Amino acid sequence: MDNAFGQPQTVVVLGGTSDIARAVVRRLAAARADTVVLAGRDGAALAEAAEEARDFGALETPIVTFDATDVGDAGRAVADCFAAAGREVDLVILAVGRLGHQEDDQDDPGRAGEGALVNFAWPVAALAAVRRLLVAQGHGRILVMSSVAAIRVRRSAYLYGGAKAGLDRLATGLAASLAGTGVSLHLLRPGFVRTKMTAGEPEPPLTTGVEPVAEAVVRGLAIGQPVIWSPPVLRWAMLVLRHLPARLWSRVMDR
Amino acid sequence: MSRLSGWGRTAAVDAEVLEVTTEEQVAAALTAPLAPRGLGRSYGDAAQLAGGRVLDLRGLDTISPVSPDGEVTVGAGASLDALVRAVMPAGWFVPVTPGTRQVTLGGALAADVHGKNHHRDGSLGAHVTHLRVVSPTGIHELTPADGERFFVHLGAMGLSGVVTEVTLGLLPISSDRVLVDTERFDDLDGVMAAMVEGDHRYRYSVAWVDCAARSGRGRAVLTRGDHARADDLASATLRPPRPARLAVPLTAPPGLLNAASVTAFNEMWFRRAPRHRVREPQRLETFFHPLDGVRDWNRLYGPRGFVQYQFVVPDAAAETVHEAVARLAASRVPSFLAVLKRFGAANPAPLSFPQPGWTLALDLPVGPPALPGLLDMLDEMVVAAGGRVYLAKDARLAPSTLRAMYPRLSDFAALAATFDPEHRLTSDLDRRLRLREG
């Protein structure tokens, strides 16, 4: 159960090797999370994340594997995670995603479509399964990892940004649909974060490491923030940037 | 579905509430998991079940006539307030009362509440002579002669069965006043020495400690007293307590209670207390239940609510009390006046909180980022000292820490299972601390 400070005990992470998810798990495990189910594609990397979670205080860290291009398998993957938790789940973190290579992918129907599967279609299918299980439980929270890239899509990363935009908008509707169910959804919108996913990319202003993002998440969970921005100033920066005329937007963001 | 929380207004949940007025309805409801609830005055998550069913027992509110030797049989859903109003005009008072009358007898028993007289009269459980308990295995009539099958229900937080009726011995009184001696102390050493030296001379004793004072020395006001006899007063009356005349109409904005406002309040409160005054007649409700004069006072803590942290440590670990007060002062986490008291002997109940020694209770608004870590650190100090925290107040303990504090948890779980083999009695507190898993 979540305690008075919004600290969960049982956590499921879809995309358990994500650097941001791992930073969040480290903090949750150091607080009250004693069961952390880590799900993802790469069993060896998941085992490493599981060991890290135990180092930080988790007691049980089962692993579930799935392939995020296989949308039909999402229901099974989520059900396996809940079964592996062995208790009612307090928090599901949806951190599945990949940046891809815009210039290589944009003219390749196969790769462009696959990116949309991983960043949008699989998460949507998984959220449907999570929604059903948590509503049946009557409590629990969902953290969906969106991105500032979803607020206004950039020319240089429109495949990733477009898919995240879909997920972001869908999640706000899903959050509204949960009113009165005892379940709630937090939407995380980080700016550019230094991770293995973004390694080698040019760093825009307001780039941070993963720790400030994890700190914002833990604070957002504690106070029940529906949308968590990291760094927080992005909330106001994007309010302005999203309304810039297209040419100016391009010049500022796609140099 | 209803939105429910404890008195601290943290971790609110949605649950289905079943109101019952008979034992048959209680038995019928126990065919599936549920959490028993009374007036919702435990501070944390003891009387809620997120997404599940909550059994509202306030309808079991009968109060029998008082027998000539002072025994009364009360429905578990009746409040201490209703009981006091019913028995006071005839010269009886409850043998133990917590800081509010707005608790049910069932809830008071589930927490095995204590009052300002624990050092000589023990907890509520010490005055109970008979219990009726409905559980999935049937209806059980129990007395202290039943040993552990009786004591398991005291302090069980509602997890061993649904107590439907409590018989207890009342205290005869001949006036509605308490004669109170008040003393002010500039530091914790002074007040603790005075309590060790003189508490045995008083039925009631409690100290209010200012933990916000930056010195960290913990100045304090000690109040002690006993019921006034009719011949102590010019004219003795037996008027029951008046209902609350003030109320907090709205939830306060976040941050109203911050380090500065709490420090200012504590300063004013400390200066108002007399340095030394003896045998001042005070109304019972003024002495025992000052906060009952303001309805919904928990709203002052703002939308995020507050936690109460109450621990007990043995006499030999008095240093832990000093350390806790000093750490709290140093952390600048705002804390309203803390309550310090000495406990007497424990009873045989496996989950009962009181044990001989010092108990300190702190009210802390949720919000300061340092608070969760500070309380985890206090937990470690309390465990190291051989102490424990009070489950009726708890909303944030870790399961492993709980086990270090309550070494008889496995006895409790085994006994509770004899009344409820399929674990139908549960709560968010149970799910968080896994109390029934032992």
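The values are calculated or read from the model by the stated rules, or taken from the named source; none is laboratory data. The model shown is predicted, which means the values in this text are computed figures rather than measured ones. Positions of Cβ are generated from backbone atoms using ideal geometry, with glycine treated the same way; all protein chains shown enter the neighbour counts.
What's the total number of residues in segment B:84-117 that are over 24 Å from B:V152 (Cβ atoms) and part of a helix (DSSP H, G or I)?
Going through segment B:84-117 one residue at a time, the tally reaches 7.
Residue under question is A:E103, and the condition is that it be out of contact with any Phe, Trp or Tyr (no Cβ under 8 Å at 6 or more places or on another chain) and within 14 Å of another protein chain (Cβ to nearest Cβ); does it hold?
Taking the combined requirement at face value, the residue does not satisfy it.
Do we find that A:A49 is part of a helix (DSSP H, G or I) and surrounded by 17 or more Cβ atoms within 10 Å (Cβ to Cβ) in this structure?
Judged against the criteria, A:A49 is a match.
Restricting attention to segment B:291-311, report how many residues are in a strand (DSSP E or B), in contact with a helix residue (DSSP H, G or I) (Cβ under 9 Å, 6 or more places away or on another chain) and more than 14 Å from chain A (Cβ to nearest Cβ).
So the answer is 2.
For A:A4, which of the numbered conditions (1) within 12 Å of chain B (Cβ to nearest Cβ); (2) touching a residue at least 12 places away in the same chain (Cβ under 8 Å); (3) closer than 19 Å to A:G220 by Cβ; (4) among the small types (G, A, S) fails to hold?
If we test A:A4 against (1) within 12 Å of chain B (Cβ to nearest Cβ); (2) touching a residue at least 12 places away in the same chain (Cβ under 8 Å); (3) closer than 19 Å to A:G220 by Cβ; (4) among the small types (G, A, S), just (2) comes out false.
Which condition does B:D45 not pass, out of (1) away from every other protein chain (no Cβ under 14 Å); (2) buried (at least 20 other Cβ atoms within 10 Å of the Cβ), if it passes all the others?
(1)
Only one of (1) modelled with pLDDT of 95 or more; (2) more than 14 Å from chain A (Cβ to nearest Cβ) is not met by B:G438, so which one is it?
Failing condition for B:G438: (1).
Is it the case, given these coordinates, that B:R219 is out of contact with any His (no Cβ under 7 Å at 6 or more places or on another chain), modelled with pLDDT under 95 and buried (at least 17 other Cβ atoms within 10 Å of the Cβ)? It would help to see each step written out before you state the result.
Numbers: out of contact with any His (no Cβ under 7 Å at 6 or more places or on another chain): yes; modelled with pLDDT under 95: yes; buried (at least 17 other Cβ atoms within 10 Å of the Cβ): yes.
Yes.
Just checking, which of A:L38, A:L14 is in contact with a helix residue (DSSP H, G or I) (Cβ under 9 Å, 6 or more places away or on another chain), farther than 13 Å from A:R141 by Cβ, free of Cβ contacts under 8 Å to residues at least 60 places away in the same chain and surrounded by 22 or more Cβ atoms within 10 Å (Cβ to Cβ)?
A:L38
Are any residues in segment B:33-42 more than 13 Å from every other protein chain (Cβ to nearest Cβ) and farther than 14 Å from B:V134 by Cα, and if so, which ones?
Listed by number, the residues that qualify are B:R37, B:G38, B:L39, B:G40, B:R41.
So which residues in segment B:171-195 are part of a helix (DSSP H, G or I) and surrounded by 21 or more Cβ atoms within 10 Å (Cβ to Cβ)?
Of everything in segment B:171-195, those that are part of a helix (DSSP H, G or I) and surrounded by 21 or more Cβ atoms within 10 Å (Cβ to Cβ) turn out to be B:L188, B:V191, B:M192, B:M195.
I need the full set of residues from segment A:87-120 which are among the polar types (S, T, N, Q), under 22 Å from A:K196 (Cβ atoms) and either surrounded by fewer than 18 Cβ atoms within 10 Å (Cβ to Cβ) or over 17 Å from the mean Cα position of the chain (by Cα) (or both), in order please.
Within segment A:87-120, A:Q102 is the sole residue that qualifies.
Would you tally the residues in segment B:357-393 being more than 20 Å from the chain's Cα centre (by Cα), away from every other protein chain (no Cβ under 14 Å) and among the small types (G, A, S)?
3
Which one of these does B:G70 not meet: (1) touching a residue at least 40 places away in the same chain (Cβ under 8 Å); (2) touching a helix residue (DSSP H, G or I) at 6+ places or on another chain (Cβ under 6 Å)?
Among (1) touching a residue at least 40 places away in the same chain (Cβ under 8 Å); (2) touching a helix residue (DSSP H, G or I) at 6+ places or on another chain (Cβ under 6 Å), the lone unmet condition for B:G70 is (2).
Where residues in segment B:4-25 are within 11 Å of chain A (Cβ to nearest Cβ) and in a strand (DSSP E or B), which of them is farthest from B:P303 (Cα to Cα)?
Filtering first and then ranking leaves B:E16.
Going through A:A136, A:A128, A:A214 one at a time, which residue ends up being within 14 Å of chain B (Cβ to nearest Cβ) and farther than 29 Å from B:P369 by Cα?
A:A136
Kindly establish whether B:R396 is crowded, with 20+ Cβ neighbours inside 10 Å and within 13 Å of another protein chain (Cβ to nearest Cβ).
The answer is yes for B:R396.
Any idea which residue in segment B:399-431 is surrounded by the fewest Cβ atoms within 10 Å (Cβ to Cβ), counting only those that are under 19 Å from B:A346 (Cβ atoms) and within 13 Å of another protein chain (Cβ to nearest Cβ)?
Per the criteria, the residue is B:R403.
Confirm whether A:A84 is surrounded by fewer than 24 Cβ atoms within 10 Å (Cβ to Cβ), at pLDDT 95 or above, away from chain B (no Cβ under 14 Å) and within 16 Å of A:A129 (Cβ to Cβ).
So A:A84 fits the description; yes.
How do the pairs read when you match residues in segment A:165-186 that are within 14 Å of another protein chain (Cβ to nearest Cβ) and more than 19 Å from A:I151 (Cα to Cα) with residues anywhere that are basic (K, R) and buried (at least 20 other Cβ atoms within 10 Å of the Cβ), using Cβ under 6 Å and keeping only pairs 6 or more apart or on different chains?
Filtered contacts from segment A:165-186: A:S184/A:R141.
Against the condition over 19 Å from A:V96 (Cα atoms) and among the hydroxyl-bearing types (S, T, Y), how does A:S177 come out, does it pass?
Judged against the criteria, A:S177 is a match.
I'd like the residue in segment A:23-32 that is away from chain B (no Cβ under 14 Å) and surrounded by fewer than 24 Cβ atoms within 10 Å (Cβ to Cβ) and, out of all such residues, is nearest to the chain's Cα centre (by Cα). Reasoning before the result, please.
The first filter runs over segment A:23-32 and keeps only residues away from chain B (no Cβ under 14 Å), leaving A:23-26.
In the following step, the residues that additionally are surrounded by fewer than 24 Cβ atoms within 10 Å (Cβ to Cβ) were identified as A:23, A:26.
Numbers: A:A23: 12, A:R26: 15 Å.
The extreme case among them is A:A23.
Does at least one position in segment B:196-213 carry a residue that is of a type in the set (A, V, I, L, M), touching a helix residue (DSSP H, G or I) at 6+ places or on another chain (Cβ under 7 Å), surrounded by fewer than 21 Cβ atoms within 10 Å (Cβ to Cβ) and over 30 Å from B:S235 (Cα atoms)?
Within segment B:196-213, one or more residues are of a type in the set (A, V, I, L, M), touching a helix residue (DSSP H, G or I) at 6+ places or on another chain (Cβ under 7 Å), surrounded by fewer than 21 Cβ atoms within 10 Å (Cβ to Cβ) and over 30 Å from B:S235 (Cα atoms).
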